[in-house]
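Notes follow once the structure below has been shown.
Please treat every number below as a calculation from the coordinates, not as lab data. In this text the structure is predicted, and so the values were computed from the model without any measurement. A quick note on method: Cβ atoms are made from the backbone with ideal geometry, for glycine too, and the neighbour counts reach across all protein chains shown.
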Amino acid sequence: MALDIAEIRTRFPILERKVEGRPLIYLDNTATSQTPSIVVDDIVYNYEHCKANVHRGVHALSQEATERQEHTRRRVRDYIHASSVEEVIFTRGTTEAINLVAASYGDRFRDGDEIVLTVMEHHANIVPWQLLQRRKNIKIRVALINERGEIDLDQYRSLFTPRTVMASFCHVSNVLGTINPVKEMTRIAHEHGAAVLIDGAQASPHLPIDVADLDCDFYAFSSHKMYGPTGIGVLYGRKELLETMPPYQGGGEMIKHVSFEGTTFADLPFKFEAGTPDFVGIAAFSKALDFIESLGLEAIEAHELELLRHTTERLTNEIEDLHIYGTATHKSAVISFLVGDTHPYDVGMLLDKLGVAVRTGHHCAQPLMQFFGIPGTVRASFAVYNTMKEADAFVDALKRVMMILH
Ligand code: PLP
């Protein structure tokens, strides 16, 4: 059944905002999505009624706060089809989740080992591995893409050698929108004995995630891109691997017993959750999952893809010299583009004056920009609350911008 977008919009007070005296058209959802009242209200409720530190107190408030946090862990387990809550680790976001794996799982890598990344990775899935290179003499090999922005699977396969220990790649590209064949990529990596981390930051708001079906070893994503609170992310890890990994950070909550002679660590998942977590946000994250599930990911995706199809068609037909980066057959609702030789910042700034929020620049994917030989792009990205009217207003605004710039 089609979604009632007008009704959905009423749940996002920020969408009533005006920018430069015009109704806000928010097309920067890839960077972060907006948050419905049900999530904001839950944050307020937590602060006003049950703020107490988790896992530490015997008193009622602490137990309530703990239960609210652990409720979200169970919700996440079910959302991604993990087999147990021990496999769900709360982090600050996708970035911290990947850093955790690079630092902790990477601890076992030996000089000469190799890892495979792709050219379309966000810096969050490049730099942690480069930091590891400071400690270990490992080699990074890079999978390339075709002109549509799709992984060249033959070239990807050819990168694996007996020294490959890890493959780490995004499920969906934050620039190109490409939905990667991650199940196949995982299978190839496993065939070569390499572990697999999937950066799901751009998949989790749009696509169903089934870590059991994907058979990946790690899967990372962020709440703030899923209509949830900022500062919270999830690392899924296969239990057998997590059990063999050293802690990422040390501190409270992650220990069994501490003495100056030695320390023993807590069981999973707490071994990887040192310090006080953002338990208020984690609790409220379950409301964002409720929001997504009440609409249904299939319906969300269908709506977003209709916006993508319509906008792409109009942009291509009506704007001269427009080039879209990322035209994969399997693509999510992200449009990165340049028009002639106009600079992305000029286009973005003028669109802002017309009330349209898009992102400009390298989108934390500088190697991808180098691959295309461009400084950056303008990027419009859709979420469930965007309307056809907004898509049309964006294209019309871009036409005006091009008139101004020429
Ligand atoms: N990976 C991808 C593909 C992303 O798009 C992003 C953010 O835009 C990240 C990782 C980093 O996410 P976060 O900043 O929430 O840690």
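Return the distance in nm (one decimal) between the two label points of a simple spin-label model at residue 56 and residue 399, each offset 7 Å from Cα along Cα→Cβ.
Each label point is offset 7 Å from its Cα along the Cβ direction, giving 6.0 nm.
May I ask you to order 275-284, 16-25 by the average number of other C-beta atoms within 10 Å around their residues, highest value first?
Numbers: 275-284: 21.0, 16-25: 12.8.
Per-residue Cβ counts within 10 Å, averaged per peptide and sorted highest first, yield 275-284, 16-25.
Search the structure for amide H atoms under 5 Å from the amide H of residue 233, placed 1.01 Å from N in the peptide plane, and list their residues when 5 or more places away or on another chain.
Hits under the 5 Å cutoff: 91, 92, 93, 223.
Residue 353 to residue 374: FRET efficiency via 1/(1 + (r/R0)^6), r the Cβ-Cβ distance, R0 22 Å, to the nearest 0.05? Walk me through the numbers before you get to the answer.
Numbers: r = 24 Å, r/R0 = 1.08.
My answer for the efficiency is 0.40.
What list of ³J(HN,Hα) values in whole Hz, one per residue of segment 234-242 in order, does the Karplus curve 6.51 cos²θ - 1.76 cosθ + 1.60 (θ = phi - 60°) give from phi, with Gly and Pro shown as x?
Those phi angles translate into 10, 10, 8, x, 5, 4, 4, 6, 4 Hz.
What does the C-alpha gyration tensor say about the overall shape of segment 113-165? Classify as rounded when a/c is under 1.5, otherwise prolate if a/b is larger than b/c, or oblate.
Working: a/c = 4.07, a/b = 1.41, b/c = 2.88.
Because a/c hits 1.5 or more and a/b fails to exceed b/c, segment 113-165 counts as oblate.
Considering the dipole of the chain built from charges on the beta carbon (Lys and Arg +1, Asp and Glu -1) around the Cα centre, which of 83, 295, 123 is farthest to its positive end?
Selected residue: 123.
Between residue 19 and residue 305, what is 0.36 nm times their sequence separation minus the Cα-Cα distance? Round to one decimal in nm.
My answer for the length gained is 100.3 nm.
I'd like to know which of 250, 230, 203 lies farthest towards the positive end of the charge dipole of segment 178-277, counting +1 on Cβ of Lys and Arg and -1 on Cβ of Asp and Glu.
Going by the charge dipole, the pick is 230.
Tell me the net charge near residue 271. Cut-off is 11 Å between Cβ atoms, residue 271 excluded, with +1 for each Lys or Arg and -1 for each Asp or Glu.
Working: positive: 256; negative: 86, 243, 253, 267, 273.
That works out to -4.
Listed highest first by mean packing, meaning other Cβ atoms within 10 Å per residue, what order do 252-260, 45-53 come in? Walk me through the numbers before you get to the answer.
Working: 252-260: 12.1, 45-53: 14.3.
The packing order, highest mean first, is 45-53, 252-260.
List the equivalent ellipsoid semi-axes of the chain in whole Å, largest first, each obtained as the square root of 5λ for an eigenvalue λ of the Cα gyration tensor. Don't skip to the answer; put the middle values down first.
Details: eigenvalues 258, 163, 59 Å².
Each semi-axis is the square root of five times an eigenvalue, giving 36, 29, 17 Å.
Quick check: pseudo-label points 7 Å beyond the Cα along Cα→Cβ at residue 392 and residue 161, how many nm apart are they?
Inter-label distance under the simple model: 5.7 nm.
Can you list residues whose amide H is under 5 Å from residue 141's amide H, if they're 5+ apart or on another chain and H is modeled 1.01 Å from N?
Amide H neighbours of residue 141, under 5 Å, 5+ apart: 115, 116, 117.
Using each residue's phi in segment 319-334, evaluate 6.51 cos²θ - 1.76 cosθ + 1.60 at θ = phi - 60° and report the 3J(HN,Hα) Karplus result to the nearest Hz, with x for Gly and Pro.
After applying 6.51 cos²θ - 1.76 cosθ + 1.60, I find 10, 5, 6, 8, 10, 9, 9, x, 10, 4, 5, 9, 9, 9, 7, 10 Hz.
Can you tell me the order of 364-374, 27-37 when each peptide is scored by its average per-residue count of other Cβ atoms within 10 angstrom, highest first? All intermediate terms of the calculation are to be shown ahead of the outcome.
Working: 364-374: 16.8, 27-37: 21.3.
The peptides rank, most packed first, as 27-37, 364-374.
Assuming R0 = 35 Å, what is the FRET efficiency of residue 313 and residue 133, from their Cβ-Cβ distance, to the nearest 0.05?
Details: r = 44 Å, r/R0 = 1.25.
Efficiency computed from Cβ-Cβ geometry: 0.20.
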